[in-house]
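Peer 1: This is the structure, below, for whatever I ask next.
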Amino acid sequence: MASSETGGRVFADLMRLAEVVEPGQPGWTRRVFSAEYLRSRELVWELMESAGLEVRRDPAGNLIGTLEGTDAQLPALILGSHTDTVAGGGRFDGPCGVMAAIEVVRRINERGGRPRRTIWVVDFLGEEPNDFGISCVGSRAVAGHLSPEHLQLTDRSGRTLAEALAAVGGDPDRIGEACWPEGTASAYLELHVEQGSRLEEAARGLAVVTAIAGIHRAEIRLEGRADHAGTTPMDRRSDALLAAAEVSLEVERLGRREGRGVATVGRLELEPNSPNVVAERAVLIAEYRSGDAVWLATTDDLLQEVVENAPARRGVRGSLAWLSREEPTICAEELRSVLLESAREIGEEPLELPSWAGHDAVQMAAVCPVAMLFVPSRGGRSHCPEEWTDPEQVEVGTRALVAAVTRLAV
Ligand code: HGY
Ligand code: MN
Ligand code: MN
């Protein structure tokens, strides 16, 4: 049983990391290509080293800490998550898993001796979607899924993802070396905040994740015509904003279809974005999620129909480009059993539930079997400043992770 001070270490690390945020931004914003994110990696590096990990940065900008096991023939056990945030995000989505993983290694080292199996702790670069339209940058690279085309994606300033990656310590010319050879990893475990309210409503401290929803994301461009807001009659307008409003409501309708998914338009940009000009162009990003691959595929087709038809009724031309399409990920049965046993070993009876949030585990599933543990999120809130998990809840998750790692690697 961890003593109070070890129990407080993870939370203290989380609060230290939370101090490294973008000035003037709401919540605890630390976006992947910000200067503050780059600076925050120094703290993560230091925490990994002080826990006894040998730290390196790979060409994708992932921080990888290694604790060598006694049997070098065994594939490594991988722990990790991410430390970048959404704009206006909280302090726990991602960092909770990285700090708990570092604590696991501290406690293994404090017990003395070395684990049988090598353990890696990974802070994956850029799990959250970014201005290049792609999420899970670092874990995609590890899985060999970060393509040359991805690296040439540009943000609004015309900067490429490759340039942005280089600016935060990555080496895009060597991105292929970030991909792990077959057999590197035996399993991947990720502790994460639930970002929903099911644990809190069930008054449980832990959940073992059964599956991770697939996420399809598309950029929709709506080309209307700029006109004078005063002199243009209402029936002669090609208003891109109104077309975007119709498309957004259609996306909501698709999300409600059959009760098996969710859908969101979270980003909308207007041009010229002037109060006295009929909107010429609207660019929105729509995403939808489901644990059902068929539902996702059907929604792809329905969305394309919406984009072709709804704007046309307004003389607006719509087009759609897929940004990413991740299919649902099943967590490995044998690892779920280890997590269930580990939770019970520390006196918790976990829920078993699917994750509607995406995670680096989705990309890691192409590398090795994956499983996830959730700890509660107060009020189910996340991706907002109100995101919160109690220190005691973080400690329960950490102890369950220690128990699981002990089973798998010690
Ligand atoms: O969007 C997600 O589901 C994750 O929190 N990045
Ligand atoms: Mn997130
Ligand atoms: Mn996350």
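The values are calculated or read from the model by the stated rules, or taken from the named source; none is laboratory data. Computed from a predicted model, the values in this text were never measured in an experiment. Every residue, glycine among them, receives a Cβ derived from its backbone with ideal geometry; neighbour counts consider all protein chains shown. Ligands, DNA and RNA are stripped out before the accessible areas are found, and what is left, the full protein with its side chains, is counted by its heavy atoms. Shrake-Rupley method; radii C 1.70, N 1.55, O 1.52, S 1.80 Å.
Peer 1: Going by the structure shown, is R399 open to solvent by 10 Å² or more (accessible area, probe 1.4 Å), under 18 Å from the mean Cα position of the chain (by Cα) and among the basic types (K, R)?
Peer 2: Working: open to solvent by 10 Å² or more (accessible area, probe 1.4 Å): yes; under 18 Å from the mean Cα position of the chain (by Cα): no; among the basic types (K, R): yes.
No, not satisfied.
Peer 1: So which residues in the range 75-94 are within 12 Å of ligand 2 (Cβ to nearest atom) and among the β-branched types (V, I, T), if there are any at all?
Peer 2: Matches in the range 75-94: T83, T85, V86.
Peer 1: Where in the range 284-376 are there helices (runs of 4 or more DSSP H), lying wholly inside it, with at least 2 residues that are surrounded by fewer than 23 Cβ atoms within 10 Å (Cβ to Cβ) and more than 16 Å from ligand 2 (Cβ to nearest atom)? Walk me through how you get there before you give the answer.
Peer 2: Numbers: elements: 293-309, 333-345, 360-364.
Per the criteria, 293-309, 333-345.
Peer 1: Going by the conditions given, is P172 without any contact (Cβ under 8 Å) to a residue 24 or more places away in the chain and either open to solvent by 10 Å² or more (accessible area, probe 1.4 Å) or of a type outside the set (V, I, T) (or both)? Reasoning before the result, please.
Peer 2: Details: without any contact (Cβ under 8 Å) to a residue 24 or more places away in the chain: no; either open to solvent by 10 Å² or more (accessible area, probe 1.4 Å) or of a type outside the set (V, I, T) (or both): yes.
Here the answer is no, as P172 does not meet what is asked.
Peer 1: Also: Looking at (1) open to solvent by 10 Å² or more (accessible area, probe 1.4 Å); (2) away from ligand 1 (no atom under 16 Å from the Cβ); (3) of a type in the set (D, E, K, R), which is the only condition D58 fails?
Peer 2: For D58, the failing item is (1).
Peer 1: Select, from V208, V251, V262, the only residue that is outside the structural domain of V306 (by TED's automatic domain parsing), modelled with pLDDT of 95 or more and under 26 Å from S355 (Cα atoms).
Peer 2: Numbers: V251 fails: outside the structural domain of V306 (by TED's automatic domain parsing); V262 fails: outside the structural domain of V306 (by TED's automatic domain parsing).
Being outside the structural domain of V306 (by TED's automatic domain parsing), modelled with pLDDT of 95 or more and under 26 Å from S355 (Cα atoms) holds for just one of V208, V251, V262, which is V208.
Peer 1: Looking at the range 13-32 only, could you name the residues that are surrounded by fewer than 16 Cβ atoms within 10 Å (Cβ to Cβ) and at positive phi?
Peer 2: G24
Peer 1: Can you tell me which residues in the range 143-161 are closer than 22 Å to A366 by Cβ and either in contact (Cβ under 8 Å) with a residue 24 or more places away in the chain or among the hydrophobic types (A, V, I, L, M, F, W, C) (or both)?
Peer 2: Hits for the range 143-161 are A143, G144, H145, L146, L151, L153, L161.
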